[in-house]
Amino acid sequence: MSFPNRARTRARSTVYGAVAWIVGVVQFLIGMAVAQAGYGPPTYSLTGNYISDLGAAYCGYWHGGGAFTGFYVCSPWHLAFNLSIVALGILLVVGTVLVYPAFRPGAARVVWFGLFAIAAAGAIGVGLFPEDVNTSAHVVSALAAFAGSSLALVVLGAGIARDARWRGYPIYTVASGLLGLLALVLFGLKIYGPLGVGGMERLIVAPVLLWAVVVGVRVLRMPAGARGGVGA
């Protein structure tokens, strides 16, 4: 009788995890929108500004070195952005812990979990270390968030390829991760094209955020037995 009870508990936990993912993404988008609306002058540019300009703690020109060199930033509502991305990281890692049973046991699930945890920690670091306060920590945190999340999706997509509960999702998951990695490489090479630096950076982030919402909804719609790992 103990196994069904454990499975029921796991099934319930995955629901909470899926909700954590969805709430995390939604509140982050709201935080970005609030910071963007209050940005400037000058007006924030989706193509010409880095995402992290929304979290800059001070207004003025500064020379951070590396990718951030001598441009003007002014984000009076930086706390809205920084708090929202910290919350995103926390909710992503909490959600990942709780959703864990919904994926097939194996090495891929373990690696995915580790990479996603690194990405979540990176997101928290981005908020704790604004680009104009601690540039080195900010850049390392951003790279962990970008690379960790995209790699995690590639690994997970391969791992669920034969899991009947996730039919149709392996290709979508791998494609989302590869798109993020491709955008990250182009971003690192400063090949932005018409997207600009801001658009290319968003192309790194957007596939992962969308994936978290889509998969979160999928988990919520799964039968309880499947969410709890039955038949995995």
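The values are calculated or read from the model by the stated rules, or taken from the named source; none is laboratory data. No experiment lies behind these values; they were computed from the predicted model shown. Ideal geometry is used to build each Cβ from the backbone, glycine not excepted, and the neighbour counts take in all protein chains shown.
Which is modelled with pLDDT of 95 or more, β-branched (Val, Ile, Thr), loosely packed, with under 15 Cβ neighbours inside 10 Å and within 16 Å of the chain's Cα centre (by Cα), of Ile22, Ile30?
None of the other options fit; the residue is Ile30.
In this structure, does Val126 turn out to be touching a helix residue (DSSP H, G or I) at 6+ places or on another chain (Cβ under 7 Å), buried (at least 23 other Cβ atoms within 10 Å of the Cβ), modelled with pLDDT under 95 and not in a loop (DSSP other than H, G, I, E, B)?
So Val126 fails the test.
Residues checked against (1) in a helix (DSSP H, G or I); (2) out of contact with any strand residue (DSSP E or B) (no Cβ under 7 Å at 6 or more places or on another chain); (3) closer than 18 Å to Leu203 by Cβ; (4) of a type in the set (D, E, K, R):
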{"residue": "Val139", "(1), (2), (3), (4)": "yes, yes, no, no"}
{"residue": "Phe146", "(1), (2), (3), (4)": "yes, yes, yes, no"}
{"residue": "Leu156", "(1), (2), (3), (4)": "yes, yes, no, no"}
{"residue": "Ala161", "(1), (2), (3), (4)": "no, yes, no, no"}
{"residue": "Leu186", "(1), (2), (3), (4)": "yes, yes, yes, no"}
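Can you tell me which residue within the stretch 139-157, out of those that are farther than 17 Å from Val214 by Cβ and in contact with a helix residue (DSSP H, G or I) (Cβ under 6 Å, 6 or more places away or on another chain), is surrounded by the most Cβ atoms within 10 Å (Cβ to Cβ)?
Looking at the filtered set, the residue picked out is Ala145.
Condition (residue is in a helix (DSSP H, G or I), within 15 Å of the chain's Cα centre (by Cα) and aliphatic (A, V, I, L, M)) applied to the stretch 54-72: is it met by at least one residue? Steps first, please.
First, the residues of the stretch 54-72 that are in a helix (DSSP H, G or I): 54-55.
Right, trim to within 15 Å of the chain's Cα centre (by Cα) and you get none.
No, the conditions are met nowhere in the stretch 54-72.
Test each condition in (1) in contact with a strand residue (DSSP E or B) (Cβ under 7 Å, 6 or more places away or on another chain); (2) over 18 Å from Ser84 (Cα atoms) for Glu131 and report the one that comes out false.
(2)
For the condition surrounded by fewer than 21 Cβ atoms within 10 Å (Cβ to Cβ) and free of Cβ contacts under 8 Å to residues at least 12 places away in the same chain, what is the one hit in Val110, Val97?
Val110
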